[in-house]
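Reviewing the structure listed below.
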Amino acid sequence: MIHLHYSMAFYIYSDLRENEIRLLRLLPANGNIADDICIILDHTPLFPQDMQSRWQARLQSKIKLREQLPDGWEVFTNPEGKHFFASGYDVQYEHPNAAVDARLYEEPVEDTRDNLQPDYEALSYVWGSPDDLVSVFVYEDDTALSKPLEERVMFSMKVRRNLADALRHLRLVDEHRVLWVDAICINQHNMAERSREVTRMGMIYSQARRVIAWLGTSTPSSDQALAALSHLTSLVEVSDDGWVFRSTNNKSNWRPRIDKLPLDDETWVKLVALFFRPYFDRLWIVQELRLASQHSLMQCGGGTLTLSELRRATEALLEAEHVPVRLGTRMDWVGFLTRSHTILIELLGQSRVRQCFDMRDKIYGLLSLAPPQLAARIKPDYTRSYQDVYKGFCLSYMHITERLDLLPFCVPRGSDETGATLASWVLDLSSAPPKSVRLPLTQAATNSRSEYIYVPPHRLDVTGIRHARVVTGSAPIPPDIAQVAELLEKHRPSGWSNKLYPTDESVLDAWIRLLQLDMLRDRIERRPHFPLLEDLKTRWSDAVSGDRTPWEISVISPRITEKLHGASLLKLDNGYLGFGPSTVQPGDCLVVLLGCYAPMILRPQKNGDYTVIGKCYVQGLMNGEALLGDLTRAWTVQQHHKDGQIVFKYYNRDTECLTNEDPRLPPLDESWRKVCRPRTTDDPLYVAYFEHIPTGRIINSDPRLLPHVLRSRGVNLETFALT
């Protein structure tokens, strides 16, 4: 065992030149894991690399394969980048059309790194306590290794215990290992360098040969948990856009969403212990793992699991029945880390609940995954307050998208420990929000554009429709399904058996649809496990005739209970019902704002301004009714998948017509035409492009929903001053 005990100077960083990064060479161990950690730091250039060309090639081959598929088949891509084919839940790796050239789908998975780029691995880990430090010894250069120990020029630096543990486990026996580690390869005391390198983190992780996710040292429990996860990978095949199928290696005939996983109670406990390690709470791992190559892995002590295997295992857990509630919720977090597709709203949701030391990193830590136009407007600057960073981010998003998509995630908050406050319209990522309804995909303002004016320093004037006032709000929805049913029974609308809801459907239909958040198979494509409205009405009728109270227990499920947990049932003064934040009060206003996909609760202030309280779900108000009126009874809104995106379509039950065009809208003015453009990550949640023919100007919203057009049709738009 070798330890260096004599005193030496602390390492002093030399400045990085433009396009340079530091890499550490981790020197071999001398036979004992407790030996001192010795490294050499090198500067090397790293240039941006085109990471999209191979993805584009795969997309083109996927399109060609899809064109030649028989009816009922679809082509998907797995985490390793290989194509596979599915009909139902079963998959195969040969095209069902034998005439198709196999070279289109049997492409080898290649390393896309440029050979001129440095070859290194990037470490993803938890920093740990600043009070538990370990010395690392930095050699001046290679020549030191050939000199006697007493003649070597070396320096020391302090790192935290968890990093030291990782370096000791990653150290090789007979050769050095090249790593990029943020705590060492960035001079953390140089704020200018730190700000600059934050903007390059995405490039550093995406161009690494692989990323190593270090969970910490191993235990017998963690080893057994990794073994269980390895087994689960054999049960499923997953696609890069989120679909889960039964694997060809699945010899147990286990079926996603239907069967209980073959795991005993002891194994569940060990999986909970593994996934509740501090690593999975960390914010920075979101971009570190989502940008990682297919060669990357998760390591706990000496045990490893590839990220592709982790993806399959987490999807198996997410799709299984009878998963412990605590673990099921956690798997949403873990599964998010390895999925290839996401939207900004999901990223911000992860940022809000994950941990980082500096609250500004709630934005800066996601820039490499953010839409490019938005990311280009955000320059990391650690001299600004986090409140200023958050406000600037929200204004930049509104400017680029012309939408208020961030507003449904805003809640009022008091001042922090410094006395600083945020306006209620600014998305606050510094703390987890109170629980409220988890909305399905909705389009309360359809494809309208926001109308807003920022009045410095804290006011945002927005345009929308005042729909109703809150009369009552229930106690928060509890997590237990039996307790949920009892609470709902107390607030069941009177006359449910013989009265009409404000939308002219029966109160019973509206009540059942509300308790499902309208997540019904009647409306949502490719969701065979969702119930049909008629089936739910039959269950209700059976419960009533059998006097099985509360009747609501017959139509709610754990899936819906989870989405409602913490929300309040709302009754509005115009007879509408919904779910909203538990902080709602009688007299609060329910509004639909232009460019905002969810109805919002606003609280009027004495000076005429409004405070944002939160989003809500209102039955009969989630599909543009506030702007365009109710659909006639023949029409219903459906959700369909197209190229990995959710699109809303309109189905006429009488004619069996399915159209993209909202039947409530008048024909387009002859000066406008709808145009097709590829969707980009900078687009808002819902987008359609229209060209103004005389000027050639293209907009990302429907011109029939522009504020001046709505006003000309008699829509009563108001301005709400948000503070």
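No lab work stands behind these numbers, since they all come straight from the coordinates. All values derive from a computational prediction rather than experimental measurement. Note that each Cβ is placed from the backbone with ideal geometry, even for glycine, and that neighbours are counted across all protein chains shown.
Computed quantities for the displayed model
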item: Hydrodynamic radius by Kirkwood, which averages 1/r over all alpha carbon pairs of the range 348-428, in angstrom; result: 13.2
item: log₁₀ of I(q)/I(0) at q = 0.10 Å⁻¹ - the range 214-336, Debye sum with one point per alpha carbon; result: -0.28
item: Rounded to 10°, Cα long-axis angle of helix 325-336 versus longest principal axis of the chain; result: 70
item: Entries in Lys435/Lys563; Lys490/Lys615; Lys563/Lys615 that, when Cα-Cα distance is taken, lie over 21 Å; result: Lys490/Lys615
item: Residues Met201, Met359, sorted so that the one with the fewest Cβ neighbours within 10 Å comes first; result: Met359, Met201
item: Compactness of the range 438-495 - radius of gyration and Dmax, Cα, Å; result: 18.1, 49
item: Calculated Rg and Dmax of the range 523-604 using C-alpha coordinates, Å; result: 16.3, 46
item: Scattering profile of the range 477-565 at q = 0.10, 0.16 Å⁻¹ [log10 I(q)/I(0), Debye over alpha-carbon scatterers]; result: -0.24, -0.63
item: Loop sites in the range 644-699: trypsin sites (Lys or Arg not before Pro), DSSP, at most 15 other Cβ within 10 Å; result: Arg653, Arg679
item: Fewest-first ranking of Val637, Val136, Val236, Val173, using other Cβ atoms within 10 Å as the exposure measure; result: Val173, Val637, Val136, Val236
item: Angle in degrees between helix 344-353 and the longest Cα principal axis of the chain, rounded to the nearest 10; result: 70
item: Percentage relative contact order, the chain, counting C-alpha pairs under 8 Å, at least six apart; result: 11
item: Straight-distance crosslink candidates among lysines, where the alpha carbon sits under 19 Å from Lys642 and sequence neighbours closer than 8 are dropped; result: Lys62, Lys64, Lys674
item: Where chymotrypsin sites (Phe, Trp or Tyr not before Pro) fall in DSSP loop in the range 570-657, at most 13 other Cβ within 10 Å; result: none
item: Within the range 606-663, GluC sites (Glu not before Pro) in DSSP loop having at most 16 other beta-carbon neighbours inside 10 Å; result: Glu656, Glu661
item: Degrees between helix 265-275 axis and first principal axis of the chain (Cα, 0 to 90, nearest 10); result: 70
item: Rel. contact order, % - alpha carbon contacts under 8 angstrom, at least six apart, the range 634-723; result: 15
